[in-house]
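Quick note: the coordinates plus some simple rules give every number you see, no bench work behind them. Everything quoted here is computed from the prediction, not taken from an experiment. All Cβ positions, even for glycine, are placed from backbone atoms using ideal geometry, and neighbour counts span all protein chains on display.
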Amino acid sequence: MEHSNSNPAATDTRGRVDALLGIVFGDEGKGKVVDVFAPRYDVVARFAGGPNAGHTIIFDGKKFVLRSIPSGIFSEHQLNIIGNGCVIAPDLFMAEARELEAAGYDLRPRLHISTRAHLILPTHRVLDRALEAAKGKNAVGTTGKGIGPTYSEKAARTGLRVGDILEGFEAKYAALKARHEQQLRDLHYTDYDITAEERTWMEGVAYMRQFTITDTVTELGELLAQGKSVLAEGAQGTMLDIDHGTYPYVSSSSTTTGGVCTGLGVAPQAIGDVYGIFKAYSTRVGAGPFPVELFDETGEQLCQIGHEYGAVTGRRRRCGWVDLVALRYAIMVNGVTKLIMMKSDVLDTFSTIRVCVAYERNGQRTTTMPFDTEGWAAVYHDLPGWQTDLTHITTADEFPPAFDAYIRYLEQELHTPITLVSVGPDREQVVMRT
Ligand code: GDP
Ligand code: IMO
Ligand code: MG
């Protein structure tokens, strides 16, 4: 069922761009909340990333995992935009869009794609694998979707953009593919066969041509000037940002508020609220430093209760307690105005809830994000657990006191209000706090 109810907690969003950003290592539940918020906005736009994202939306007993298509697609009268800051794989886009069409969602009138978004070629994906293999034990643990090579190519000014598929595409494609093949030979990575994949990819290109491929920057500018409201849907998270994350164990795009401006072509003064979304605990998928990671039974429990397996690759997510060092840093970098806490129900059975308040290494303690996040251990503050099932709660005054105390402690430490709390995966399982 498409939903069209406007939210009673809605604030005035006219003529501005609100952003909803993952503020840790991704998979915070962005898709779910964008779907919940979508009826308040005229437009939902993705500004960064591509099919490395997996945004899960559950309603009426159905589950969708969106990768490139914005999570506003289930809301009536919604324009959805894939912005210039995104990268897009035509074959995966086609598979995703066809699944939605088969489920009864008519995408074509409601989905616009930027001419300036970059194309992920099949050979970008091979390069992703080859570069990871070459890194050996220092591999990033990418999603294998060709993200790094495609953004590298964008920065090197040799990439192909969606607008290129509209004219003289075959020659441009052949030239870029030939360059990639040379790069792969240089890496001594020759054992690959993309024949079948390339056929589907080309089919995807033809399919994409049936959509509105347009100058979404001017389109958004005009819509904002008319007083329309936009929700920018983040992908990945702040700690995976190319500039602000745990480099080099990051993705290759700007996942933070600055990325909203560059990835959609909107001015900084158009930005309204910045919603920072995080889980009541922490997860990370892929390699890289993660000071709160738990290797014990508690980590295993968080993983099992939270079903912490990647929506894109099925990989087990690493788990730990919530990390105030990372959250404070992300709130600062993004200018977060409102926090959203997800998956609170996953902590329902724990007798003690731990919160990482600082990192420690060789007798040195820090509460700000260090340059080198390797080798730091978490310092904790403990709070009592609520040991109550939260999943049926619909209003904040029903929260058990210990859960309320956990929320208030985080708000006080982070100097930012937690305005929405999620207590289960379904669209309905949200509790507004303002
Ligand atoms: P995204 O990438 O930020 O959109 O998040 P993902 O979809 O990758 O991962 C979030 C996972 O948590 C999905 O499986 C959701 O269905 C699930 N989820 C979202 N909110 C809640 C919640 O409040 N409680 C529980 N138990 N699961 C949730
Ligand atoms: P959503 O939008 C969690 C991680 C990968 C890897 C690193 C680089 O669903 O939150 P890449 O393929 O981007 O070059 O991989 O970033 N990563 C994510 N982790 N959620 C995501 O997206 C991610 N997208 C990339 O696991 O560590
Ligand atoms: Mg995800």
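Oblate is the label for the range 45-91. Its Cα gyration tensor axes, ordered a ≥ b ≥ c, give a/c of at least 1.5 and b/c at or above a/b.
A straight chain from T352 to H77 at 0.36 nm per residue would run longer than the Cα-Cα distance by 94.5 nm.
The label-point distance for D404 and E170, in a model that sets each label 7 Å from Cα toward Cβ, rounds to 7.0 nm. Near Y380, the amide H atoms lying under 5 Å from its own belong to V357; only residues 5 or more places off or on other chains count, and H is placed 1.01 Å from N. Using the average count of surrounding beta-carbon atoms within 10 Å as a protection proxy, the listed peptides 401-407, 280-286 rank, highest first, as 280-286, 401-407. Classified by the C-alpha gyration tensor, the chain has an oblate form. Its axis ratio a/c, with a ≥ b ≥ c, is 1.5 or above, and a/b does not exceed b/c.
Placing pseudo-labels 7 Å out from each Cα toward the beta carbon at Q183 and T298 gives an inter-label distance of 4.3 nm.
In order along the range 418-434, the phi-based Karplus estimate (6.51 cos²θ - 1.76 cosθ + 1.60, θ = phi - 60°) of 3J(HN,Hα) comes to 8, 9, 9, 10, 9, 10, x, x, 6, 3, 6, 8, 10, 10, 7, 10, 10 Hz; Gly and Pro are listed as x.
Once a ≥ b ≥ c are taken as the square roots of the eigenvalues of the Cα gyration tensor of the range 1-121, is the result rounded (a/c under 1.5), prolate (a/b larger than b/c) or oblate (a/b not larger than b/c)? Rounded shape, in that the Cα axes give a/c under 1.5. For a paramagnetic label modelled on A196 (point 7 Å from Cα along Cα→Cβ), amide N atoms under 17 Å away belong, within the range 117-146, to 122-123, 126. Calculated mean residue ellipticity at 222 nm for the chain: -9000 deg cm²/dmol, from DSSP H runs with n ≥ 4 weighted as -39500 (n - 2.57), summed, divided by the residue count and rounded to 500. Across the range 116-124, coupling constants 3J(HN,Hα) worked out from phi with the 6.51/-1.76/1.60 Karplus curve, θ = phi - 60°, read 8, 5, 8, 8, 8, 8, x, 6, 5 Hz, and Gly and Pro carry x. For the chain, a crude dipole built from +1 on the beta carbon of Lys and Arg and -1 on the beta carbon of Asp and Glu, taken about the Cα centre, is about 820 debye to the nearest 20. Among I194, I23, Q226, flag the residue with its Cα farthest along the positive direction of the charge dipole of the chain, charges on Cβ as +1 for Lys/Arg and -1 for Asp/Glu. Towards the positive end, the residue furthest out is I194.
Restricting the trypsin sites (Lys or Arg not before Pro) of the range 126-197 to loop positions (DSSP other than H, G, I, E, B) with no more than 14 neighbouring Cβ atoms within 10 Å leaves R157.
In summary, the lysines within cross-link reach of K154, defined as a Cα separation below 17 angstrom excluding same-chain residues under 8 places away, comprise K145, K172, K177. Near the amide H of L420, within less than 5 Å, lie the amide hydrogens of M341, R433, all on another chain or at least 5 residues away, with H placed in the peptide plane.
Working note: Karplus 6.51/-1.76/1.60 with θ = phi - 60° gives the range 359-373 the couplings 10, 10, 8, 6, x, 9, 10, 9, 10, 10, 5, x, 4, 10, 8 Hz, where Gly and Pro are set to x. Amide H contacts under 5 Å for A45: I81, L231, A232, E233, restricted to partners 5 or more places along the chain or on a different chain, H placed in the peptide plane at 1.01 Å from N.
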